[in-house]
1. Taking the range 180-211 on its own, how many of its residues are part of a helix (DSSP H, G or I) and surrounded by 13 or more Cβ atoms within 10 Å (Cβ to Cβ)?
2. Can you tell me which of 177, 131 is modelled with pLDDT of 95 or more, part of a helix (DSSP H, G or I) and touching a helix residue (DSSP H, G or I) at 6+ places or on another chain (Cβ under 7 Å)?
3. Only one of (1) part of a loop (DSSP other than H, G, I, E, B); (2) without any contact (Cβ under 8 Å) to a residue 60 or more places away in the chain fails for residue 123. Which number is that?
4. Return the pairs, sorted by first residue and then second, in which the second residue is not in a helix (DSSP H, G or I), the first residue lies in the range 248-260 and is surrounded by 10 or more Cβ atoms within 10 Å (Cβ to Cβ), the beta carbons are less than 9 Å apart, and the residues are 6+ apart or on different chains.
5. Within the range 137-151, which residues are in a helix (DSSP H, G or I) and surrounded by 16 or more Cβ atoms within 10 Å (Cβ to Cβ)?
6. State all residues of the range 167-188 that are more than 19 Å from residue 146 (Cα to Cα) and more than 25 Å from the chain's Cα centre (by Cα); if no residue qualifies, say none.
7. From the list 154, 87, which one is within 23 Å of the chain's Cα centre (by Cα) and free of Cβ contacts under 8 Å to residues at least 24 places away in the same chain?
């Protein structure tokens, strides 16, 4: 009996293990199948989901969760900003000077053009090759409009022309240009040497012009000082002449007034004559003149009678 009981226990254990395995398979297989064919999918931020059935677009899904039927497929399509580096883009100026530069173009797919881009150009939103080709063509077309000197002098205008034309080209692919960064233009060594020589000559000319202007300014200053001194001297001479003229006029006016007074009052004239004679008589020392000539005054002698 003890041996039979032991064999019976071992049989029950095998049966239990079989049941557990069967139950596990019954639960696990549906879970695996559910995970494998679960219709819930996710569209990440910065993407659009392109839902296709047999290669044909059924719809465009926004960011977030979406439910799919087993026969549907979801492709995540980026609309984030992408970057394209264009190294050594080359072109030729209007005066046939070769020119090179490097550009960095940032672009993104327009959200309303996702289906068009998916059908015609890319299943993931990568248009780098198209943008690079369009950038090279744009650079060649724009540089051909300018001479080499204008390309340098009018760099902001050149950048605007490149941006405008490139936006038009990229828009044909359903994308938009966000911004363009461009390095300095590079010309041939012979042209750069010619430019440097021209700049040096221009600097020398400007230095000579500045020196000439300095000399002319100094000469003008000297002339201005001389003219000011001459004006001052003329003014001084005019002042002195005016003073002399004014003094002479005043003296003449005084004499005129005095003569007029004398003409009107003969007694005053006679009084003056007597005063003059009195002055002469007071100064006479009593000696007769040694030489008498015609017209000379003869002194009066006071001869008293009886003496």
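1. Applying the first criterion (part of a helix (DSSP H, G or I)) to the range 180-211 yields 189-211.
Among the residues that remain, those that are also surrounded by 13 or more Cβ atoms within 10 Å (Cβ to Cβ) are: 191, 194-195.
Total meeting the criteria: 3.
2. That would be 131, the only listed residue that is modelled with pLDDT of 95 or more, part of a helix (DSSP H, G or I) and touching a helix residue (DSSP H, G or I) at 6+ places or on another chain (Cβ under 7 Å).
3. Looking at each condition in turn, residue 123 falls short on (2).
4. From residues that are surrounded by 10 or more Cβ atoms within 10 Å (Cβ to Cβ), there are no pairs.
5. Going through the range 137-151, the residues in a helix (DSSP H, G or I) turn out to be 137-143, 148-151.
Selection gives 138, 139, 142, 143, 148, 151.
6. 167, 168, 169, 170, 171, 172, 173, 174, 175, 176, 177
7. Checking each option against the conditions leaves just 154.
One line per residue, one yes/no per condition, for (1) at positive phi; (2) in a strand (DSSP E or B); (3) surrounded by fewer than 15 Cβ atoms within 10 Å (Cβ to Cβ):
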residue	(1), (2), (3)
52	no, yes, no
60	no, yes, no
74	no, yes, no
77	no, yes, no
80	no, no, yes
88	yes, yes, yes
101	no, yes, no
105	no, yes, no
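The values are calculated or read from the model by the stated rules, or taken from the named source; none is laboratory data. Please read all numbers here as calculations on a predicted model, not as lab measurements. Counting neighbours? That spans all protein chains shown, and the Cβs are built from the backbone with ideal geometry, glycine included.
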